[in-house]
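Read through the structure below, which is laid out as structure tokens, and then see the notes.
What follows is calculated from the coordinates using simple rules that are stated; it is not laboratory data. Since this is a predicted model, take the numbers as computed values, not measurements. Neighbour counts run over all protein chains shown; Cβ positions are idealised from the backbone, glycine included.
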Amino acid sequence: ATPVAIMVGTGKGAEMGVLFKSAEALETLHNVKTVVLDKTGTVTQGRPAVTDVLPARGADGKPVMSERALMKLAAALERKSEHPLAEAIMARADEMGVVGRVVEDFQAVPGRGVVAREGANPIAAGNAQLMAELGIEVPADELEAFARDGKTPLFFARNGRLAGTIAVADEVKPTSAAAIRALGELGVETVMLTGDNRLTAEAIARRVGVTRVIADVMPADKERQVRELQDGGARVAMVGDGINDSPALARADVGLAIGTGADIAKEGADVVLMRSDLLDVARAIELSRAVIRNIK
Ligand code: ADP
Ligand code: MG
């Protein structure tokens, strides 16, 4: 493209809150075939909230502890975690006036959850994979019921036994569905990429009209997933907001960071979406196509 076309295009982008960091990004975007969307904070608001607190049931069918005792265990584990899911749990604990005990040997398990020790008792919080690794069985029917509702079930354990489930929900952004429709009309395929479980991810994807979901992705593997989508030469754009997303944003042919996202995501991206609105991804592609048309 001519320098003038690029300059005009970059200026128009800035007016609508789409900051192109390079001429190359503005040019490359016109022929992306696939847009990869991170789920949490990109398709959804990124403000998860607790919806259900469900103590586990013993062999006699009675709850093994009260909701309050489960929240107390959850608060003890999550107070040291920086994960958005932990913030949701801590917000509910504060509302209930529940304070968790101080724990030792706290450790985050990436893509899985957290483990620690409460006195002599090992304790853990996380997804079904983490519980499987700890040899703890989770109620499959419960997991499915929450997940089909688009909720993320988190499991809590003490001493090798399930203590209960806390479900967390994160609403989709109001414009996500319209944005995905607009991308489809531009002939662009959308793919949702997430560390969350498949059932929850698929429920969210259905709500916004995404047909292709890559779930249960470990934080370090998002970049590899983008690389695989690029195999065969297709141009791939990636939209994300998190620290986890930054290698994938850098790997993509065009990385677009959500304005309200992590600084490191914005630094590694080629484009910053200042309004944090997915409709701007479609607008950015249209702008890029207009710039390319004008110079041909
Ligand atoms: P994402 O943010 O896309 O869900 P992560 O890799 O950060 O991906 O987390 C993957 C999954 O690991 C979460 O969906 C959750 O089930 C579990 N997890 C991570 N951190 C925590 C935590 N602090 N407490 C409970 N579960 C967690
Ligand atoms: Mg995210």
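With runs of 4+ DSSP H residues as the only contributors, calculate the mean residue ellipticity of the chain at 222 nm using -39,500 (n - 2.57) per run, divided by the residue total and rounded to the nearest 500.
That comes out to -11500 deg cm²/dmol.
How much of the DSSP bridge set in the chain is antiparallel, in percent, rounded to the nearest 5?
65 percent
Cα centroids of the stretch 102-170 and the stretch 81-97: how far apart, whole angstrom?
Rounded to whole Å, the Cα centres lie 15 Å apart.
If you take the C-alpha gyration tensor of the chain, multiply each eigenvalue by 5 and take the square root, what semi-axes do you get, largest first, in whole Å?
Taking √(5λ) for each Cα gyration eigenvalue gives 41, 17, 16 Å.
Report the trypsin sites (Lys or Arg not before Pro) located in the stretch 1-77 that are in a DSSP loop and have at most 16 other Cβ atoms inside 10 Å of their Cβ, or state none.
K21, K33
Could you pull the Rg and Dmax for the stretch 186-284, using just the Cα atoms, both in Å?
That works out to 12.8, 33 Å for Rg and Dmax.
If only Cα atoms are counted, what is the Rg of the stretch 49-169, and what is its Dmax, in Å?
Every Cα atom of the stretch 49-169 included, Rg and Dmax give 12.9, 37 Å.
Report, in debye and to the nearest 20, how large the dipole of the chain comes out about its Cα centre when Lys and Arg carry +1 and Asp and Glu carry -1 on their Cβ.
About 320 debye.
Which FRET efficiency, nearest 0.05, do R206 and A178 yield, Cβ-Cβ r, R0 22 Å?
Efficiency at R0 = 22 Å is approximately 0.90.
Could you give P(r) for the stretch 115-264, binned at 5 Å from zero, as whole percent values over all Cα-Cα pairs?
Going from the shortest bin to the longest, the percentages are 2, 9, 15, 18, 18, 15, 11, 8, 4, 2, 1, 0.
In degrees from 0 to 90, rounded to the nearest 10, what is the angle of the helix 84-96 Cα long axis to the longest principal axis of the chain?
Value to nearest ten degrees: 50.
Rounded to the nearest 5, what % of the DSSP beta bridges within the stretch 144-267 are antiparallel ones?
50 percent
Angle between the Cα long axis of helix 67-78 and the longest principal axis of the chain, 0 to 90 degrees, nearest 10?
Helix 67-78 sits roughly 50 degrees off the main axis of the chain.
Over all distinct alpha-carbon pairs, what is the Kirkwood Rh of the stretch 39-85 in angstrom?
12.8 Å
Take the chain, connect every pair of alpha-carbon atoms lying under 10 Å apart with a spring to form a Gaussian network, then pick out the residue of D170, D277, D141 with the largest mean-square fluctuation.
D141
Starting at the first residue of the stretch 168-183, write each ³J(HN,Hα) from the Karplus equation 6.51 cos²θ - 1.76 cosθ + 1.60 with θ = phi - 60°, in whole Hz, x for Gly and Pro.
Along the stretch 168-183, the couplings run 10, 10, 10, 5, 6, 5, x, 9, 4, 5, 5, 5, 5, 4, 4, 5 Hz.
Using the alpha-carbon atoms, what tilt in degrees (0 to 90, nearest 10) does helix 3-15 show relative to the longest principal axis of the chain?
40 degrees
Give the aspartates and glutamates whose C-alpha is closer than 15 Å to that of K72, dropping any in the same chain fewer than 8 places away, or say none.
D52, E87, D94, E95, E118
Each residue of the stretch 278-284 in turn: what ³J(HN,Hα) in whole Hz from Karplus with 6.51, -1.76, 1.60 and θ = phi - 60°, glycine and Pro shown as x?
Each residue of the stretch 278-284 in turn: 5, 4, 5, 5, 5, 4, 5 Hz.
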